[in-house]
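Below is one structure, written out as structure tokens; the observations come after it.
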Amino acid sequence: DAMVIQNPRYQVTQFGKPVTLSCSQTLNHNVMYWYQQKSSQAPKLLFHYYDKDFNNEADTPDNFQSRRPNTSFCFLDIRSPGLGDAAMYLCATSKHFGGNQPQHFGDGTRLSIL
Amino acid sequence: DAKTTQPPSMDCAEGRAANLPCNHSTISGNEYVYWYRQIHSQGPQYIIHGLKNNETNEMASLIITEDRKSSTLILPHATLRDTAVYYCIVRPSQGGKLIFGQGTELSVKP
């Protein structure tokens, strides 16, 4: 049973055209994360939400924003995608940020920029 | 930056044990060793974690050296479906974000 669901699996957008990626979870976890994974690289954390508290990584570009309207859903907004933003975007959840809580990942959305 | 070093790639014959090493020589006393794997076109999957004792679950075993400066993930009977990138991650006991290194690409061959 899918627990962290990302839709769509593949997304194509035009250079500079805003795009939104979505993530939902059935685990009722408090924390939701967004990672960026470029080709042949490891995943890199962009930001996370603990409940409604947003926590941005220091090196995440301003072009990337996030919304979490409720416990189950979290969105990644890219305001003006550039060619360098083409990547796999991974959503993950955990019960808490602290403690030994493994993160549960979705299968990602692969974003292409034309 | 990631605090772990792993070989970039390894091969293993199907049905044999796969032993994946990880060096974490700067690990602190309150830091755990976590292992995740990522099968092609999927998200990372949690495998196992440990502090200083060896751990085993239905997926794998984790052997941590006494000085905790290195560890080995063991897949006892590798199958073709175990072909993936395996990430070793050091994480504080109080939790926090995962910092992925480059991982080891394991190829299980028939």
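The values are calculated or read from the model by the stated rules, or taken from the named source; none is laboratory data. As the structure is a prediction and not an experimental result, all values here were calculated from the model. For neighbour counting, all protein chains shown are included, and Cβ atoms are generated from backbone atoms with ideal geometry for every residue, glycine included.
Inclusion of A:G106 among residues that are surrounded by 20 or more Cβ atoms within 10 Å (Cβ to Cβ) and modelled with pLDDT of 95 or more is warranted. Screening segment A:6-114 for strands (runs of 3 or more DSSP E) wholly inside it with 3 or more residues that are free of Cβ contacts under 8 Å to residues at least 12 places away in the same chain returns the ranges A:53-56. Listed conditions (1) in contact with a Gly (Cβ under 6 Å, 6 or more places away or on another chain); (2) not in a loop (DSSP other than H, G, I, E, B) are all met by B:C12, apart from (1). The condition (being loosely packed, with under 15 Cβ neighbours inside 10 Å, at negative phi and among the hydroxyl-bearing types (S, T, Y)) is satisfied by just one residue among B:T4, B:T104, B:T65: B:T65.
Scanning segment A:50-80 for residues that are within 23 Å of B:Q38 (Cβ to Cβ), crowded, with 18+ Cβ neighbours inside 10 Å and not aliphatic (A, V, I, L, M) yields A:F64, A:S66, A:C74. Looking only at residues of segment B:1-30 that are farther than 14 Å from B:F100 by Cα and within 14 Å of chain A (Cβ to nearest Cβ), we find that the one that is modelled with the lowest pLDDT is B:N30. Screening the candidates B:I39, B:I63, B:I27 for the property of being among the hydrophobic types (A, V, I, L, M, F, W, C) and free of Cβ contacts under 8 Å to residues at least 40 places away in the same chain yields one hit, B:I63. Strands (runs of 3 or more DSSP E) fully within segment B:69-110 that include at least 2 residues being at the interface with chain A (Cβ under 10 Å from one of its Cβ atoms): B:84-92.
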